[in-house]
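Student: Just passing along the structure, written as structure tokens.
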Amino acid sequence: MFRKIIISCIVVFVFTSFVLANRRYVIDTPTTNVLNYGSYNIWVRCFSEGNVISKLEVGVFKFLDIGMSLELDKFIGDKKVIKAAVPALDIKLRLYGGSMTIPAIAVGYDGQGYFINSKNSYRQKEKGLYFVTGREFFIDGLMLNIGININDFSKTKVCGFINAMIPVYKELIYFMTEYDNINYSHDARLNCGLKFVLTDYIDVSCIIRGCWCVNVNEISGTRIQNERVFKVNYSGKF
């Protein structure tokens, strides 16, 4: 009897996890999606210079979720680990879920940047305050999102982004692409990647950031050419 209960719980967990697959972000840029109420998402992202970001996201309501992330620079390797002073806040509010004629709308704030500098800020700036709208376009399963964001209120610098995700093999492999930091050429990036759904609740992503860009680190200190990123994502339900 006890064994049947355990097996039933595992089956329910796996089934519910299937619908919780994380689609809050494509790569660096957000979508209009939020987590289901009572669900959570944990991911780890490994990128250049042995750096790692870990993040926990929680669905608070059907239209609101929050997350906290922490960057550890030089975590992989033999150099001294540099830790962000405080975890970064991520919050997203979906204002409208979308319809056949009107796209979904969401606003949010993401304080997670990349590469901690000597002033304990980020060489690649965080998304900051953003507005995003999106819907399915043209092809079944093709999700397209367009948005704007501002991460420096002192200069009132507004950037734009566009992203898309489409299944290339059933619901097991997805192609992701985005163009980030539009209207700010020094940090503009074309990113591409593949997401592999290993199980109903675990997926991994292999990403190339800064595709075909000219390396201008000596100018801005922010852009990295053809950066390889690996990300592991786990979704579940409380």
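All of the numbers you see were taken from the coordinates with simple rules; none came from a lab. Note that the structure is predicted; figures quoted are calculated from it, not measured. Neighbour counts run over all protein chains shown; Cβ positions are idealised from the backbone, glycine included.
Student: Compute the relative contact order of segment 51-114 as a whole-number percentage, counting only Cα pairs closer than 8 Å that sit 6 or more residues apart in sequence. Spell out each step's value before the answer.
Tutor: Working: 122 pairs, mean separation 17.0, N = 64.
Reported relative contact order: 27 percent.
Student: If you take the Cα Rg of the chain and divide it by 2.2 N^0.38 Å, with N the number of residues, what do you get?
Tutor: My calculation over the Cα atoms of the chain gives 1.04.
Student: In degrees between 0 and 90, to the nearest 10, how far off the longest principal axis of the chain does helix 2-18 point, with axes built from Cα atoms?
Tutor: With rounding to tens, the tilt is 40 degrees.
Student: Quick check on the chain: helices-only [θ] at 222 nm, where DSSP H runs of length 4 and up contribute -39,500 (n - 2.57) each and the sum goes over total residues. Nearest 500, please.
Tutor: Rounded to the nearest 500, it is -2500 deg cm²/dmol.
Student: Shape verdict for segment 56-118, please, from the Cα gyration tensor: rounded (a/c under 1.5), prolate (a/b greater than b/c) or oblate.
Tutor: prolate
Student: Another question, if that's okay. So for the chain, taking the charge dipole from beta-carbon charges (+1 Lys/Arg, -1 Asp/Glu), which of 226, 206, 133 sits furthest toward the positive end?
Tutor: 206
Student: Residue separation times 0.36 nm, minus the C-alpha to C-alpha distance between residue 152 and residue 228: what's the value?
Tutor: 24.7 nm
Student: Please compute the Kirkwood hydrodynamic radius over segment 38-86, one decimal place, Å, based on all pairs of different Cα atoms.
Tutor: Taking every pair of different Cα atoms in segment 38-86, averaging 1/r and inverting gives 12.0 Å.
Student: What is the sum of charges around residue 105, taking Lys and Arg as +1, Asp and Glu as -1, for the other residues whose C-beta is under 14 Å from the C-beta of residue 105?
Tutor: After counting each charged neighbour, the total is +3.
Student: Can you order the peptides 68-76, 127-135 by their average number of other Cβ atoms within 10 Å per residue, highest first?
Tutor: So the order, starting with the most tightly packed, is 127-135, 68-76.
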